[in-house]
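Shown next, in structure tokens, is the structure this report addresses.
The values are calculated or read from the model by the stated rules, or taken from the named source; none is laboratory data. Keep in mind the model is a prediction, meaning the values are calculated, not measured. With ideal geometry, Cβ positions are generated from the backbone for all residues, glycine too; neighbour counts draw on all protein chains shown.
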Amino acid sequence: MNNLKILIISILLLTLGCSKDDSDVSLSEFEIPIITGYELRTIQGQKISNYGIPNIKLGNESNNYDSEYFFISYPNPCKNRCSVYIKSPDTNTTKYVWIVQAQYRDYNSNISTELGSNIMHVGGVPLIETETTYENISFDVSSLSEGYYRIYLKIDDLILYDNLVITNNINL
């Protein structure tokens, strides 16, 4: 009887202990984040439009700059360089940024598509990562294959994320 109680309590704790936000970022090193769209942005970071239905979390209150915490990656799509802008109440706070491979899935049809023919699926393992106190950082992404990626930002106890496309088929 005691074993049954322990089992039930364990199941309840596991079920109640994970929020949707936790499930979006708590991927094992073998799981690949699924993206359903992304924001197209200029080299200055201005939004042009959406492709698909972006499953992104750019701010703690909304996906707009008016959030207390906010970040974006740009340009999107990008070719060789990707910049990241980070807004936070305390500019001296340490920020962790990392990029992982992702897979695009059409939101309406659940069909997965890939960009390019040489995409490596490396899961949730960071391909590029950095720790900074700066508001603006830039990454050299020329060593990454064409494809879909997710950029994560951990600041204080908050995790935000953006979807990114790397392609050689644009003139930047």
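Is it the case, given these coordinates, that ILE35 is under 21 Å from LEU158 (Cβ atoms), among the β-branched types (Val, Ile, Thr) and modelled with pLDDT of 90 or more? Spell out the reasoning first.
Working: under 21 Å from LEU158 (Cβ atoms): yes; among the β-branched types (Val, Ile, Thr): yes; modelled with pLDDT of 90 or more: yes.
Spelling it out, ILE35 is indeed under 21 Å from LEU158 (Cβ atoms), among the β-branched types (Val, Ile, Thr) and modelled with pLDDT of 90 or more.
Answer with yes or no whether CYS82 is under 16 Å from the mean Cα position of the chain (by Cα) and either closer than 21 Å to THR133 by Cα or surrounded by fewer than 16 Cβ atoms within 10 Å (Cβ to Cβ) (or both).
The answer is yes for CYS82.
Of the residues in the range 33-55, how many are farther than 19 Å from GLU135 by Cβ and assigned to a loop (DSSP other than H, G, I, E, B)? Please lay out each step first, then the result.
Initial filter on the range 33-55 (farther than 19 Å from GLU135 by Cβ): 33-40, 48-55.
Next cut, assigned to a loop (DSSP other than H, G, I, E, B) only: 33, 36, 53-55.
Going through the range 33-55 one residue at a time, the tally reaches 5.
Can you tell me which residue within the range 87-119, out of those that are within 17 Å of ILE32 (Cα to Cα), charged (D, E, K, R) and part of a loop (DSSP other than H, G, I, E, B), is modelled with the lowest pLDDT?
By that ranking, first place goes to GLU114.
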